[in-house]
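The values are calculated or read from the model by the stated rules, or taken from the named source; none is laboratory data. Predicted model only: the values in this text are computed from it and were never measured. Counting neighbours? That spans all protein chains shown, and the Cβs are built from the backbone with ideal geometry, glycine included. To get the accessible areas, we keep the full protein, side chains included, count just its heavy atoms, and leave off ligands, DNA and RNA. Shrake-Rupley method; radii C 1.70, N 1.55, O 1.52, S 1.80 Å.
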Amino acid sequence: AYLNQVYGVPWERIGVIPQAASETFQLNPAPAGAERMRRLLYVGQYAFVKAPMILGGVVSRLLERDPNLTFTWVCAASHHQQALSHLGPAVRPRVTMLDWMLQHELIDVYDRHGVFLFPSFFEGFGKVFLEAMSRGLVVVAADNGGMKDIISDGLDGYKVPTGDVQAMVRCVEAALADPQASAAVSNRAIQTASRFTWDAFARNSTAFYESLIRQKKALNTDHGERR
């Protein structure tokens with residue numbers, strides 16, 4: 001929609017091809033239980049487009065209201081102090097800051113958490129939310145990018161209006177208050193994520209490029225006939 005509305009690219013020349021989590025993320029996932037659901041997680045670079053101020057507002061409110069919750073923020077160590085500045089001083093003792101790490105270590109981090117927060121202002125796709133779904137986390141994300149296309153709200157994750165702190169807080173609190181519903185969302189998240197593979201990405205990419213070639217040939221033929 002962005003390419004069409006801002007740059008005027010015709011719809012037939014736009015391909016929406018979902019990425020995928022690495023195959024290792026889909027090995028032996030487990031649904032999030034009650035203990036994991038008390039641990040909130042964010043993974044992503046520290047940048048304005050990732051809405052760190054929204055994330056900080058959401059986490060601060062949630063941890064202030066529920067002393068049993070903790071939060072982990074994974075981003076470059078050089079940005080840890082900037083990230084912490086978005087969190088209320090009272091909740092910082094229950095916040096763990098982690099640097100970038102190897103993939104198998106990151107999978108272990110996902111597996112220790114139950115709720116994944118992803119409030120970005122804008123995403124081209126946002127692959128980490130799919131990684132989180134593949135590990136059984138309950139994803140609460142802004143309604144844009146790949147999240148808009150892939151998450152079925154209330155079924156395998158949750159979508160909230162972009163930039164709406166209160167909506168994200170209410171959504172997380174509702175998920176925490178209904179363990180049975182959250183377990184079902186967690187299970188369906190694993191199933192949804194399993195449908196997205198890099199093999200499918202390759203096939204879909206090839207099919208899209210072939211469609212563009214056919215369009216170009218048809219256009220050239222049409223121009224030749226007119227001449």
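The table that follows gives values for the structure above.
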item	result
Residue 94 vs. criteria under 20 Å from residue 176 (Cα atoms), touching a residue at least 40 places away in the same chain (Cβ under 8 Å) and not hydroxyl-bearing (Ser, Thr, Tyr)	no
Close pairs (8 angstrom Cβ cut-off, 6 or more residues apart or separate chains): under 13 Å from residue 200 (Cα atoms) in the stretch 1-24, among the hydroxyl-bearing types (Ser, Thr, Tyr) and not in a helix (DSSP H, G or I) anywhere	20/197; 23/197
Selection from the stretch 162-208 of residues that are aliphatic (A, V, I, L, M) and in contact (Cβ under 8 Å) with a residue 24 or more places away in the chain	165, 168, 169, 172, 175, 176, 183, 185, 189, 190, 193, 200
Test: residue in the stretch 155-174 that is closer than 26 Å to residue 35 by Cβ, outside any helix (DSSP H, G or I), over 15 Å from the mean Cα position of the chain (by Cα) and charged (D, E, K, R)	no
Count - residues of the stretch 179-201 that are of a type in the set (A, V, I, L, M, F, W, C) and either open to solvent by 50 Å² or more (accessible area, probe 1.4 Å) or outside any helix (DSSP H, G or I) (or both)	3
Qualifying residue in the stretch 46-53 (condition: among the β-branched types (Val, Ile, Thr), at pLDDT 95 or above and open to solvent by 10 Å² or more (accessible area, probe 1.4 Å))	yes
Residue list for the stretch 131-151, restricted to those being open to solvent by less than 10 Å² (accessible area, probe 1.4 Å) and within 10 Å of the chain's Cα centre (by Cα)	132, 133, 139, 140, 141, 142, 146, 147, 151
Filter pass, residue 117 being over 18 Å from residue 23 (Cα atoms), in contact (Cβ under 8 Å) with a residue 40 or more places away in the chain and either among the hydrophobic types (A, V, I, L, M, F, W, C) or open to solvent by 60 Å² or more (accessible area, probe 1.4 Å) (or both)	yes
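The rows are residues; the columns are (1) loosely packed, with under 13 Cβ neighbours inside 10 Å; (2) touching a His at 6+ places or on another chain (Cβ under 8 Å).
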| position | (1), (2) |
| --- | --- |
| 10 | yes, no |
| 16 | yes, no |
| 22 | no, no |
| 29 | no, no |
| 39 | no, yes |
| 44 | no, no |
